[in-house]
Amino acid sequence: MSEAHLVLTVTQLTRQVRMLLEEGIGMVRVEGEISNHRRQASGHQYFTLKDEGAQVSCVMFRGRSGGGGLGQASLGDGMQVEVWGMLTVYEARGQYQINVQSVQPRGEGLLQARFEALKRKLDAEGMFDAGRKQALPAFPMRIGLVTSPTGAAVKDMLSVLGRRAPWIEILLHPVRVQGLGAAEEIAAAIGELNAWRENGLPRVDLIIAGRGGGSLEDLWAFNEEIVARAIAASEIPIVSAVGHEIDFTIADFAADLRAPTPSAAAELVAPDREALIERMGELRTRMDRRVRERVTSARRELEWMSGSALHREPARVVGELRQQIDSASDGLRNRMKLALEGARALLRERSAQLAAYRPAEAFARFRAELTSCTRILEERTARALAEHRMRLAGLGQQVRLLGPEATLARGFSLTMDEAGALVRSAAAVTEGMGLRTRWADGEVRSVVQGTAGALVAKEPAGPDPPGRGRRSRGG
(Lines give C-alpha, C1' and ligand atoms only; values in the text may rest on other atoms or scores of the structure.)
Protein backbone atom coordinates (compact mmCIF):
# COMPACT_ATOMS: atom_id res chain seq x y z
CA MET A 1 0.00 0.00 0.00
CA SER A 2 1.37 3.44 -0.92
CA GLU A 3 2.26 5.97 1.75
CA ALA A 4 -0.49 8.29 0.46
CA HIS A 5 -3.09 5.75 1.34
CA LEU A 6 -1.63 4.84 4.81
CA VAL A 7 -4.38 4.78 7.46
CA LEU A 8 -3.40 6.08 10.91
CA THR A 9 -5.05 5.43 14.20
CA VAL A 10 -6.17 8.39 16.30
CA THR A 11 -3.34 7.71 18.73
CA GLN A 12 -0.77 7.66 15.95
CA LEU A 13 -2.07 10.88 14.44
CA THR A 14 -2.15 12.64 17.83
CA ARG A 15 1.36 11.47 18.61
CA GLN A 16 2.67 12.79 15.31
CA VAL A 17 1.03 16.15 15.96
CA ARG A 18 2.61 16.24 19.46
CA MET A 19 6.05 15.48 18.01
CA LEU A 20 5.63 18.16 15.35
CA LEU A 21 4.66 20.74 17.99
CA GLU A 22 7.41 19.80 20.46
CA GLU A 23 10.14 19.57 17.80
CA GLY A 24 8.93 22.33 15.51
CA ILE A 25 7.94 24.92 18.17
CA GLY A 26 9.11 23.53 21.52
CA MET A 27 9.62 26.00 24.38
CA VAL A 28 7.55 29.20 24.12
CA ARG A 29 6.81 32.36 26.08
CA VAL A 30 3.18 33.42 25.97
CA GLU A 31 1.45 36.37 27.64
CA GLY A 32 -2.23 36.44 28.52
CA GLU A 33 -4.89 36.45 31.24
CA ILE A 34 -5.53 33.45 33.52
CA SER A 35 -9.07 32.06 33.58
CA ASN A 36 -10.75 28.82 34.68
CA HIS A 37 -7.95 28.29 37.21
CA ARG A 38 -8.25 25.17 39.33
CA ARG A 39 -5.90 23.38 41.71
CA GLN A 40 -6.05 19.62 42.17
CA ALA A 41 -5.47 17.82 45.45
CA SER A 42 -2.24 16.51 43.91
CA GLY A 43 -0.90 20.08 43.74
CA HIS A 44 -1.07 20.30 39.94
CA GLN A 45 -2.73 23.43 38.50
CA TYR A 46 -4.78 23.77 35.34
CA PHE A 47 -5.86 27.03 33.73
CA THR A 48 -6.62 28.74 30.45
CA LEU A 49 -4.42 31.53 29.10
CA LYS A 50 -6.43 33.92 26.92
CA ASP A 51 -6.48 37.27 25.18
CA GLU A 52 -9.06 39.06 23.05
CA GLY A 53 -8.80 36.62 20.13
CA ALA A 54 -7.86 33.15 21.36
CA GLN A 55 -7.07 30.90 24.31
CA VAL A 56 -4.79 27.99 25.09
CA SER A 57 -4.88 25.38 27.85
CA CYS A 58 -2.04 25.25 30.35
CA VAL A 59 -0.90 22.80 33.00
CA MET A 60 1.67 23.47 35.72
CA PHE A 61 2.69 20.40 37.66
CA ARG A 62 3.50 20.50 41.34
CA GLY A 63 7.01 21.66 42.09
CA ARG A 64 7.25 24.16 39.22
CA SER A 65 8.31 27.69 40.17
CA GLY A 66 5.92 30.60 39.99
CA GLY A 67 8.84 32.98 39.49
CA GLY A 68 8.81 36.77 39.69
CA GLY A 69 7.61 36.71 43.29
CA LEU A 70 4.61 34.52 42.42
CA GLY A 71 4.40 31.24 44.30
CA GLN A 72 2.11 28.47 43.07
CA ALA A 73 -0.48 29.54 45.62
CA SER A 74 -0.54 33.07 44.10
CA LEU A 75 -2.10 32.15 40.74
CA GLY A 76 -5.74 33.05 40.17
CA ASP A 77 -8.31 34.12 37.63
CA GLY A 78 -7.86 37.57 36.09
CA MET A 79 -4.09 37.77 36.53
CA GLN A 80 -2.01 39.00 33.61
CA VAL A 81 1.00 36.68 33.36
CA GLU A 82 3.76 35.52 31.07
CA VAL A 83 4.26 31.73 31.04
CA TRP A 84 7.29 29.80 29.80
CA GLY A 85 6.89 26.16 28.87
CA MET A 86 6.75 23.37 26.30
CA LEU A 87 4.03 23.44 23.64
CA THR A 88 2.70 19.88 23.51
CA VAL A 89 -0.46 17.78 23.06
CA TYR A 90 -2.53 16.10 25.74
CA GLU A 91 -3.06 12.88 23.79
CA ALA A 92 -6.03 11.60 25.79
CA ARG A 93 -8.10 14.54 24.50
CA GLY A 94 -6.21 15.45 21.36
CA GLN A 95 -5.84 18.98 22.78
CA TYR A 96 -2.72 21.06 22.49
CA GLN A 97 -1.52 22.80 25.66
CA ILE A 98 1.44 24.45 27.29
CA ASN A 99 3.33 22.46 29.91
CA VAL A 100 4.23 25.49 32.06
CA GLN A 101 7.67 25.59 33.66
CA SER A 102 7.48 29.09 35.20
CA VAL A 103 5.15 32.10 35.49
CA GLN A 104 5.98 35.81 35.56
CA PRO A 105 3.43 38.55 36.44
CA ARG A 106 2.69 41.09 33.72
CA GLY A 107 0.61 44.28 33.48
CA GLU A 108 -2.12 44.50 36.14
CA GLY A 109 -1.10 41.13 37.48
CA LEU A 110 2.25 42.58 38.54
CA LEU A 111 0.60 45.66 39.98
CA GLN A 112 -1.86 43.51 41.91
CA ALA A 113 1.02 41.51 43.38
CA ARG A 114 2.74 44.76 44.44
CA PHE A 115 -0.55 45.98 45.91
CA GLU A 116 -0.99 42.86 48.04
CA ALA A 117 2.63 42.89 49.19
CA LEU A 118 2.46 46.54 50.32
CA LYS A 119 -0.90 46.00 51.96
CA ARG A 120 0.45 43.10 54.01
CA LYS A 121 3.51 45.11 55.02
CA LEU A 122 1.62 48.21 56.21
CA ASP A 123 -1.06 46.13 57.90
CA ALA A 124 1.63 44.30 59.88
CA GLU A 125 2.88 47.72 61.07
CA GLY A 126 -0.60 48.53 62.41
CA MET A 127 -1.16 51.38 59.94
CA PHE A 128 -4.67 50.18 59.15
CA ASP A 129 -5.78 49.60 62.77
CA ALA A 130 -9.17 51.06 63.64
CA GLY A 131 -7.80 52.41 66.94
CA ARG A 132 -5.57 54.96 65.21
CA LYS A 133 -8.29 56.43 62.97
CA GLN A 134 -9.60 59.91 63.79
CA ALA A 135 -13.24 60.96 63.99
CA LEU A 136 -14.45 63.46 61.40
CA PRO A 137 -15.81 66.83 62.55
CA ALA A 138 -19.60 66.99 62.40
CA PHE A 139 -19.65 70.57 61.07
CA PRO A 140 -16.41 71.36 59.20
CA MET A 141 -15.98 75.01 58.28
CA ARG A 142 -12.98 74.58 55.97
CA ILE A 143 -12.10 71.53 53.83
CA GLY A 144 -8.88 70.88 51.94
CA LEU A 145 -9.09 69.09 48.57
CA VAL A 146 -6.01 67.22 47.35
CA THR A 147 -6.84 66.34 43.75
CA SER A 148 -6.42 67.38 40.16
CA PRO A 149 -7.79 70.91 39.50
CA THR A 150 -9.03 69.91 36.03
CA GLY A 151 -10.60 66.53 36.59
CA ALA A 152 -14.27 65.67 36.90
CA ALA A 153 -13.75 64.66 40.55
CA VAL A 154 -13.07 68.18 41.79
CA LYS A 155 -16.08 69.54 39.89
CA ASP A 156 -18.33 66.88 41.41
CA MET A 157 -17.07 67.58 44.94
CA LEU A 158 -17.44 71.37 44.58
CA SER A 159 -20.97 70.92 43.24
CA VAL A 160 -22.04 68.67 46.11
CA LEU A 161 -20.40 70.84 48.77
CA GLY A 162 -21.92 74.02 47.33
CA ARG A 163 -25.37 72.45 47.29
CA ARG A 164 -25.26 70.84 50.74
CA ALA A 165 -23.18 73.33 52.74
CA PRO A 166 -22.42 76.58 50.86
CA TRP A 167 -20.91 78.14 53.99
CA ILE A 168 -17.95 75.70 53.94
CA GLU A 169 -14.70 77.27 52.70
CA ILE A 170 -12.83 75.13 50.17
CA LEU A 171 -9.02 75.12 50.01
CA LEU A 172 -7.87 73.37 46.81
CA HIS A 173 -4.32 72.03 46.75
CA PRO A 174 -3.81 70.99 43.10
CA VAL A 175 -1.74 67.88 42.37
CA ARG A 176 -1.24 65.37 39.60
CA VAL A 177 -3.19 62.19 40.35
CA GLN A 178 -1.49 59.82 37.91
CA GLY A 179 1.80 59.39 36.17
CA LEU A 180 5.39 59.83 37.22
CA GLY A 181 5.77 61.99 40.37
CA ALA A 182 2.03 62.02 41.20
CA ALA A 183 2.45 60.05 44.45
CA GLU A 184 5.14 62.45 45.67
CA GLU A 185 2.92 65.48 44.93
CA ILE A 186 -0.03 63.95 46.80
CA ALA A 187 2.12 63.15 49.84
CA ALA A 188 3.68 66.63 49.79
CA ALA A 189 0.26 68.32 49.60
CA ILE A 190 -0.97 66.41 52.65
CA GLY A 191 2.17 67.40 54.54
CA GLU A 192 1.82 71.08 53.58
CA LEU A 193 -1.81 71.22 54.73
CA ASN A 194 -0.74 69.77 58.10
CA ALA A 195 2.11 72.31 58.37
CA TRP A 196 -0.31 75.19 57.79
CA ARG A 197 1.34 77.54 60.28
CA GLU A 198 4.76 77.27 58.65
CA ASN A 199 3.26 77.60 55.18
CA GLY A 200 1.00 80.55 56.02
CA LEU A 201 -2.15 78.59 55.18
CA PRO A 202 -5.49 78.62 56.97
CA ARG A 203 -6.11 75.46 58.97
CA VAL A 204 -8.54 73.03 57.39
CA ASP A 205 -10.85 70.83 59.49
CA LEU A 206 -10.44 67.81 57.24
CA ILE A 207 -8.86 66.72 53.95
CA ILE A 208 -10.37 64.88 51.00
CA ALA A 209 -7.74 63.17 48.84
CA GLY A 210 -8.86 61.43 45.68
CA ARG A 211 -9.63 61.33 41.99
CA GLY A 212 -12.11 59.89 39.53
CA GLY A 213 -12.17 56.37 38.13
CA GLY A 214 -9.66 54.68 35.87
CA SER A 215 -7.62 51.56 35.37
CA LEU A 216 -5.38 50.09 38.04
CA GLU A 217 -2.42 51.86 36.45
CA ASP A 218 -4.32 55.17 36.49
CA LEU A 219 -5.11 54.83 40.22
CA TRP A 220 -1.67 53.56 41.15
CA ALA A 221 -0.43 56.83 42.68
CA PHE A 222 -2.81 56.18 45.60
CA ASN A 223 -1.24 52.72 46.07
CA GLU A 224 2.26 54.05 46.71
CA GLU A 225 3.80 53.69 50.17
CA ILE A 226 4.73 57.38 50.37
CA VAL A 227 1.07 58.39 50.08
CA ALA A 228 -0.07 55.82 52.67
CA ARG A 229 2.51 57.02 55.19
CA ALA A 230 1.61 60.69 54.62
CA ILE A 231 -2.06 59.88 55.27
CA ALA A 232 -1.25 57.89 58.42
CA ALA A 233 0.96 60.71 59.76
CA SER A 234 -1.65 63.43 59.18
CA GLU A 235 -2.96 65.18 62.29
CA ILE A 236 -5.95 66.37 60.24
CA PRO A 237 -8.61 63.72 59.51
CA ILE A 238 -8.41 62.46 55.91
CA VAL A 239 -11.12 60.97 53.70
CA SER A 240 -9.95 58.83 50.77
CA ALA A 241 -12.11 59.12 47.64
CA VAL A 242 -10.45 57.25 44.80
CA GLY A 243 -12.15 55.87 41.70
CA HIS A 244 -15.47 54.07 41.73
CA GLU A 245 -17.20 51.98 44.38
CA ILE A 246 -15.46 48.77 43.28
CA ASP A 247 -11.98 50.33 43.38
CA PHE A 248 -9.85 49.89 46.50
CA THR A 249 -6.46 51.48 47.08
CA ILE A 250 -3.87 51.45 49.85
CA ALA A 251 -4.92 55.04 50.60
CA ASP A 252 -8.43 53.76 51.42
CA PHE A 253 -7.06 51.49 54.16
CA ALA A 254 -4.76 54.16 55.63
CA ALA A 255 -7.35 56.97 55.63
CA ASP A 256 -9.67 57.73 58.53
CA LEU A 257 -12.66 57.12 56.24
CA ARG A 258 -13.06 55.62 52.78
CA ALA A 259 -15.66 57.09 50.42
CA PRO A 260 -16.67 55.00 47.39
CA THR A 261 -16.47 58.04 45.05
CA PRO A 262 -15.42 61.71 45.28
CA SER A 263 -19.07 62.79 45.18
CA ALA A 264 -19.87 60.38 48.01
CA ALA A 265 -17.00 61.88 50.02
CA ALA A 266 -18.55 65.33 49.73
CA GLU A 267 -21.91 63.89 50.79
CA LEU A 268 -20.33 62.22 53.84
CA VAL A 269 -18.38 65.21 55.19
CA ALA A 270 -20.83 68.06 54.54
CA PRO A 271 -24.08 68.33 56.49
CA ASP A 272 -27.17 68.76 54.35
CA ARG A 273 -28.38 72.36 54.38
CA GLU A 274 -32.02 71.39 53.92
CA ALA A 275 -31.82 68.87 56.74
CA LEU A 276 -30.20 71.47 58.97
CA ILE A 277 -32.88 74.03 58.16
CA GLU A 278 -35.56 71.48 59.00
CA ARG A 279 -33.79 70.58 62.22
CA MET A 280 -33.40 74.22 63.19
CA GLY A 281 -37.12 74.73 62.57
CA GLU A 282 -37.92 71.85 64.91
CA LEU A 283 -35.58 73.28 67.55
CA ARG A 284 -37.13 76.75 67.16
CA THR A 285 -40.62 75.32 67.63
CA ARG A 286 -39.48 73.43 70.71
CA MET A 287 -37.72 76.51 72.09
CA ASP A 288 -40.80 78.69 71.53
CA ARG A 289 -42.94 76.17 73.40
CA ARG A 290 -40.51 76.02 76.30
CA VAL A 291 -40.26 79.81 76.48
CA ARG A 292 -44.05 80.18 76.53
CA GLU A 293 -44.30 77.60 79.29
CA ARG A 294 -41.64 79.36 81.35
CA VAL A 295 -43.27 82.78 80.85
CA THR A 296 -46.67 81.41 81.85
CA SER A 297 -45.20 79.79 84.97
CA ALA A 298 -43.32 82.97 85.89
CA ARG A 299 -46.46 85.06 85.40
CA ARG A 300 -48.44 82.77 87.72
CA GLU A 301 -45.75 82.96 90.35
CA LEU A 302 -45.65 86.74 90.06
CA GLU A 303 -49.42 86.96 90.45
CA TRP A 304 -49.31 84.74 93.50
CA MET A 305 -46.52 86.77 95.06
CA SER A 306 -48.28 90.04 94.25
CA GLY A 307 -51.42 88.84 96.02
CA SER A 308 -49.61 87.68 99.17
CA ALA A 309 -49.53 89.72 102.40
CA LEU A 310 -45.75 89.96 102.20
CA HIS A 311 -45.98 92.09 99.10
CA ARG A 312 -49.00 94.13 100.26
CA GLU A 313 -47.77 94.99 103.79
CA PRO A 314 -44.13 93.88 104.07
CA ALA A 315 -43.41 95.95 107.22
CA ARG A 316 -46.27 94.35 109.12
CA VAL A 317 -45.33 90.85 108.06
CA VAL A 318 -41.71 91.41 109.03
CA GLY A 319 -42.81 92.82 112.42
CA GLU A 320 -44.95 89.76 113.08
CA LEU A 321 -42.07 87.48 112.20
CA ARG A 322 -39.81 89.38 114.60
CA GLN A 323 -42.36 88.98 117.40
CA GLN A 324 -42.53 85.24 116.70
CA ILE A 325 -38.74 85.04 116.91
CA ASP A 326 -38.72 86.91 120.24
CA SER A 327 -41.43 84.65 121.63
CA ALA A 328 -39.56 81.54 120.55
CA SER A 329 -36.37 82.88 122.14
CA ASP A 330 -38.13 83.52 125.46
CA GLY A 331 -39.67 80.05 125.44
CA LEU A 332 -36.31 78.44 124.72
CA ARG A 333 -34.65 80.43 127.49
CA ASN A 334 -37.32 79.39 130.04
CA ARG A 335 -37.09 75.73 129.05
CA MET A 336 -33.33 75.77 129.39
CA LYS A 337 -33.61 77.39 132.87
CA LEU A 338 -36.09 74.78 134.07
CA ALA A 339 -33.97 71.96 132.73
CA LEU A 340 -30.88 73.32 134.51
CA GLU A 341 -32.71 73.68 137.84
CA GLY A 342 -34.01 70.12 137.57
CA ALA A 343 -30.50 68.80 136.91
CA ARG A 344 -29.15 70.64 139.96
CA ALA A 345 -31.89 69.24 142.21
CA LEU A 346 -31.21 65.70 141.04
CA LEU A 347 -27.49 66.17 141.70
CA ARG A 348 -28.19 67.34 145.27
CA GLU A 349 -30.47 64.35 145.90
CA ARG A 350 -27.89 61.84 144.64
CA SER A 351 -25.16 63.49 146.71
CA ALA A 352 -27.28 63.18 149.89
CA GLN A 353 -27.98 59.51 149.18
CA LEU A 354 -24.31 58.82 148.70
CA ALA A 355 -23.38 60.56 151.96
CA ALA A 356 -26.04 58.57 153.89
CA TYR A 357 -24.83 55.26 152.54
CA ARG A 358 -21.23 55.76 153.86
CA PRO A 359 -19.35 53.83 151.17
CA ALA A 360 -16.05 53.75 153.14
CA GLU A 361 -17.63 51.81 156.03
CA ALA A 362 -19.40 49.49 153.59
CA PHE A 363 -16.12 48.75 151.81
CA ALA A 364 -14.40 47.96 155.16
CA ARG A 365 -17.23 45.59 156.13
CA PHE A 366 -17.11 43.81 152.77
CA ARG A 367 -13.32 43.49 153.06
CA ALA A 368 -13.59 41.82 156.54
CA GLU A 369 -16.25 39.39 155.27
CA LEU A 370 -14.07 38.49 152.28
CA THR A 371 -11.05 37.81 154.58
CA SER A 372 -13.14 35.53 156.84
CA CYS A 373 -14.53 33.56 153.89
CA THR A 374 -11.02 33.13 152.48
CA ARG A 375 -9.72 31.70 155.82
CA ILE A 376 -12.64 29.26 156.13
CA LEU A 377 -12.17 28.07 152.54
CA GLU A 378 -8.46 27.43 153.12
CA GLU A 379 -9.12 25.43 156.34
CA ARG A 380 -11.79 23.28 154.74
CA THR A 381 -9.61 22.61 151.69
CA ALA A 382 -6.66 21.49 153.87
CA ARG A 383 -8.90 19.17 155.97
CA ALA A 384 -10.42 17.58 152.83
CA LEU A 385 -6.95 16.95 151.37
CA ALA A 386 -5.77 15.27 154.60
CA GLU A 387 -8.80 12.99 154.67
CA HIS A 388 -8.27 11.95 151.04
CA ARG A 389 -4.58 11.23 151.67
CA MET A 390 -5.43 8.93 154.64
CA ARG A 391 -8.03 7.07 152.58
CA LEU A 392 -5.61 6.65 149.68
CA ALA A 393 -2.91 5.25 152.03
CA GLY A 394 -5.39 2.67 153.41
CA LEU A 395 -6.36 1.52 149.94
CA GLY A 396 -2.68 1.15 149.01
CA GLN A 397 -2.08 -1.06 152.05
CA GLN A 398 -5.03 -3.28 151.07
CA VAL A 399 -3.67 -3.61 147.54
CA ARG A 400 -0.26 -4.62 148.86
CA LEU A 401 -1.79 -7.21 151.22
CA LEU A 402 -4.12 -8.70 148.60
CA GLY A 403 -1.78 -8.44 145.62
CA PRO A 404 0.20 -11.32 144.05
CA GLU A 405 3.50 -10.16 145.53
CA ALA A 406 2.23 -10.69 149.06
CA THR A 407 0.86 -14.13 148.11
CA LEU A 408 4.20 -15.18 146.64
CA ALA A 409 5.97 -13.93 149.78
CA ARG A 410 3.85 -16.42 151.81
CA GLY A 411 5.39 -19.39 149.85
CA PHE A 412 3.06 -19.68 146.91
CA SER A 413 4.12 -19.67 143.22
CA LEU A 414 2.51 -18.77 139.86
CA THR A 415 2.70 -20.99 136.77
CA MET A 416 2.31 -19.33 133.34
CA ASP A 417 2.68 -20.45 129.72
CA GLU A 418 5.26 -18.97 127.37
CA ALA A 419 2.90 -16.11 126.46
CA GLY A 420 2.58 -15.12 130.12
CA ALA A 421 -1.00 -16.40 130.57
CA LEU A 422 -1.75 -17.94 134.00
CA VAL A 423 -2.15 -21.76 134.00
CA ARG A 424 -5.13 -22.44 136.29
CA SER A 425 -5.58 -26.23 135.79
CA ALA A 426 -3.48 -29.34 135.01
CA ALA A 427 -5.88 -30.08 132.16
CA ALA A 428 -4.66 -26.98 130.42
CA VAL A 429 -1.10 -28.37 130.28
CA THR A 430 0.06 -30.50 127.32
CA GLU A 431 3.22 -32.48 126.68
CA GLY A 432 6.09 -30.39 125.38
CA MET A 433 4.48 -27.20 126.59
CA GLY A 434 6.86 -24.52 127.90
CA LEU A 435 6.05 -23.19 131.38
CA ARG A 436 7.28 -20.30 133.50
CA THR A 437 7.10 -20.68 137.33
CA ARG A 438 7.42 -17.54 139.38
CA TRP A 439 8.25 -17.22 143.15
CA ALA A 440 8.72 -14.15 145.21
CA ASP A 441 12.46 -14.20 144.68
CA GLY A 442 12.78 -15.48 141.09
CA GLU A 443 11.43 -17.41 138.09
CA VAL A 444 12.17 -20.83 136.49
CA ARG A 445 11.37 -22.02 132.93
CA SER A 446 10.45 -25.71 132.30
CA VAL A 447 9.11 -28.12 129.66
CA VAL A 448 6.25 -30.60 130.35
CA GLN A 449 6.98 -34.40 129.90
CA GLY A 450 4.64 -37.41 130.44
CA THR A 451 1.02 -38.25 129.74
CA ALA A 452 -2.22 -36.90 131.08
CA GLY A 453 -2.48 -37.63 134.80
CA ALA A 454 1.26 -38.13 135.15
CA LEU A 455 2.85 -35.00 133.85
CA VAL A 456 6.34 -34.09 134.94
CA ALA A 457 7.81 -30.70 134.43
CA LYS A 458 11.43 -31.00 133.41
CA GLU A 459 13.37 -27.94 134.24
CA PRO A 460 16.22 -26.80 132.06
CA ALA A 461 19.71 -27.29 133.50
CA GLY A 462 20.72 -24.54 135.83
CA PRO A 463 20.88 -23.53 139.45
CA ASP A 464 17.79 -23.98 141.62
CA PRO A 465 16.11 -20.89 142.84
CA PRO A 466 17.09 -20.15 146.39
CA GLY A 467 15.18 -22.23 148.90
CA ARG A 468 13.22 -24.20 146.26
CA GLY A 469 13.37 -27.67 144.74
CA ARG A 470 12.83 -28.45 141.08
CA ARG A 471 9.14 -29.25 141.39
CA SER A 472 6.46 -26.63 141.21
CA ARG A 473 3.45 -26.47 143.39
CA GLY A 474 1.19 -25.45 140.57
CA GLY A 475 -0.52 -22.19 140.34
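Before moving on, here are some points about what is shown:
- Positions within segment 160-176 being in contact (Cβ under 8 Å) with a residue 60 or more places away in the chain and outside any loop (DSSP other than H, G, I, E, B), in sequence order: 160, 161, 163, 164
- Checklist (1) part of a loop (DSSP other than H, G, I, E, B); (2) touching a residue at least 40 places away in the same chain (Cβ under 8 Å) applied to residue 118, failing item: (1)
- Failed criterion for residue 142 (all others in (1) among the charged types (D, E, K, R); (2) without any contact (Cβ under 8 Å) to a residue 60 or more places away in the chain; (3) in contact with a strand residue (DSSP E or B) (Cβ under 9 Å, 6 or more places away or on another chain) hold): (2)
- Residue check for residue 46: modelled with pLDDT of 90 or more and under 50 Å from the mean Cα position of the chain (by Cα): yes
- Condition met for residue 150 (hydroxyl-bearing (Ser, Thr, Tyr), modelled with pLDDT under 95, outside any helix (DSSP H, G or I) and over 30 Å from residue 61 (Cβ atoms)): yes
- Identity of the residue in segment 31-51, touching a residue at least 40 places away in the same chain (Cβ under 8 Å) and either of a type in the set (Phe, Trp, Tyr) or within 11 Å of residue 82 (Cα to Cα) (or both), that ends up surrounded by the fewest Cβ atoms within 10 Å (Cβ to Cβ): 31
- The condition (being assigned to a helix (DSSP H, G or I) and modelled with pLDDT of 85 or more) is satisfied by just one residue among 126, 131: 131.
- Test: residue in segment 302-324 that is within 60 Å of the chain's Cα centre (by Cα) and modelled with pLDDT under 85: no
- Residue check for residue 209: within 19 Å of residue 134 (Cβ to Cβ) and in a helix (DSSP H, G or I): no
- The strands (runs of 3 or more DSSP E) located wholly in segment 343-458 that include 1 or more residues which are of a type outside the set (Lys, Arg), surrounded by 12 or more Cβ atoms within 10 Å (Cβ to Cβ) and in contact (Cβ under 8 Å) with a residue 40 or more places away in the chain occupy 414-417.
A quick yes/no check of all residues on (1) closer than 30 Å to residue 167 by Cα; (2) crowded, with 18+ Cβ neighbours inside 10 Å:
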site	(1), (2)
91	no, no
94	no, no
101	no, no
114	no, no
119	no, yes
131	no, no
137	yes, no
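The values are calculated or read from the model by the stated rules, or taken from the named source; none is laboratory data. Because the structure is a prediction, the values reported are computed rather than measured. We place every Cβ from the backbone using ideal geometry, glycine too, and count neighbours over all the protein chains shown.
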